[in-house]
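Report on the following structure.
Each reported figure results from applying straightforward, stated rules to the coordinates on display, with no laboratory input. Because the structure is predicted, anything quoted here is derived from the model rather than measured. In this analysis, Cβ positions are derived from the backbone assuming ideal geometry, glycine residues included, and neighbour counts consider all displayed protein chains.
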């Protein structure tokens, strides 16, 4: 399912399986066949804890028949299957970089979704159909769309989600059937308005809430984000998921602050500009890991050697007080 080096084959072959290996393997095979990705992830995580990070890889290799069968049952081509499962290779490489050359797999819950065909790679991007599950509602008006926050959200003074102890205001949402009172989300910054507005519900049609199924977009490492490549992936997505009109992305690559540190005509700025924004919770901005490496906070980023122009610009932006954020974005078709 993924290309292994001789060193990796040897390391996997040296795994000493626990006494319940056959029971564990059969349970994993059954879960993959059923497409139960959460259960697959739990089984792989338990395996990792029992016998180390190479053991999940051993189990995955032993489940190739079930994985391929799952893809066939979903009507997914071998080409798409192989492109999707290539992500295992990326995360094995990521584990090696993080843990001093060790052979293994850490992101087992993520890869479980690939094994079950829940995520598929189409062109340069990955797509996953699942509920929106964020505290917002999207309405269609006659001329535009309106994203509002659900009630009870803690926001800082700039309108970003925060913890209760940092809260400058709390959102409200009331709908009496005639008027909607809610806090609007700015599509450019993702900020939630401090004060609520009033909207005539007769002019609005609900398009999206936390229960609505949408198509999530994921960005593999080193993806081609040129406009043509992204357009091609989205075209493939529309053919693959014809009933999913709205797509969503949660990423550092949706952060509008990128426009302050990346070249205006760059692919990452072009990609970011495709999306209307909304604020999401995060602990450390994803940008720090993606641009500098794992495990760094802002102090670690500033202490790092700025080897690229983007790294140096990010460091200067942090010194200037710019806050980078993992950000949510959405795109709706013009036909809505």
Exercise. Region 10-156: Rg/Rh from Cα coordinates, Kirkwood Rh?
Worked result: 1.10
Exercise. On a 0 to 90 degree scale, rounded to 10, what angle separates helix 78-98 from the longest Cα axis of the chain?
Worked result: 90
Seminar exercise, completed: Taking Cα pairs closer than 8 Å and at least 6 residues apart, the relative contact order of region 156-298 in percent is 23
Exercise. How far is the Cα center of region 159-194 from the Cα center of region 61-106, in Å?
Worked result: 40
Seminar exercise, completed: Compactness check, region 229-295: C-alpha Rg relative to the 2.2 N^0.38 Å globular estimate gives 1.27
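Would you mind getting the Kirkwood hydrodynamic radius of region 275-329 from its Cα pairs, rounded to one decimal in Å?
Details: mean 1/r = 0.0849 Å⁻¹.
The Cα-based Kirkwood calculation yields 11.8 Å.
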Exercise. Size of region 113-185 along its principal axes in angstrom, Cα-based, largest extent first?
Worked result: 42, 38, 20
For this session: Kindly express, to the nearest 10 degrees and within the range 0 to 90, the angle between helix 309-319's C-alpha long axis and the longest C-alpha principal axis of the chain.
Result: 50
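So if the hydrodynamic radius of region 179-336 is defined as the Kirkwood radius over C-alpha pairs, what does Stokes-Einstein give as its diffusion coefficient at 4 °C and 1.567 mPa s, in µm² per second?
Numbers: Rh = 17.4 Å.
The estimated diffusion coefficient comes to 74 µm²/s.
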Exercise. Taking the Cα atoms only, what angle lies between the long axis of helix 21-34 and the longest principal axis of the chain, rounded to 10 degrees?
Worked result: 40
Problem set entry | region 6-118 - percent relative contact order, Cα under 8 Å, separation 6 or more | 36
Seminar exercise, completed: Scoring the chain by relative contact order with C-alpha pairs under 8 Å, at least six apart, yields a percentage of 14
Exercise. If all Cα-Cα distances of region 184-257 are sorted into 10 Å bins from 0 onward, what percent lands in each bin, rounded to whole numbers?
Worked result: 14, 36, 34, 15, 2
For this session: Using only Cα positions of region 40-106, each an equal point scatterer, no hydration layer, compute I(q)/I(0) via Debye at q = 0.15, 0.19, 0.23, 0.24 Å⁻¹ and quote the log10 values to two decimals.
Result: -0.53, -0.80, -1.03, -1.07
Problem set entry | Cα-based Rg of the chain normalised by 2.2 N^0.38 Å, two decimals | 1.10
Seminar exercise, completed: The orientation-averaged projected area of the Cα convex hull of region 95-253, in nm², is 12.6
Problem set entry | Highest to lowest packing among 144-151, 320-327, 6-13, scored as the average C-beta count within 10 Å | 144-151, 320-327, 6-13
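Could you work out the equivalent-ellipsoid semi-axes for region 207-248, taking the square root of 5 times each eigenvalue of the Cα gyration tensor, largest first, in whole Å?
They are 22, 13, 8 Å, listed largest first.
Starting from the Cα gyration tensor of region 3-86, take the square roots of the eigenvalues, sort them a ≥ b ≥ c, and report rounded, prolate or oblate (rounded when a/c is under 1.5, otherwise prolate if a/b is larger than b/c, else oblate). Don't jump to the answer; show the numbers that get you there.
Details: a/c = 2.33, a/b = 1.32, b/c = 1.76.
Oblate.
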Exercise. Given the Cα-Cα distance of residue 174 and residue 110 and 0.36 nm per residue of separation, how much length would full extension add, in nm?
Worked result: 19.4 nm
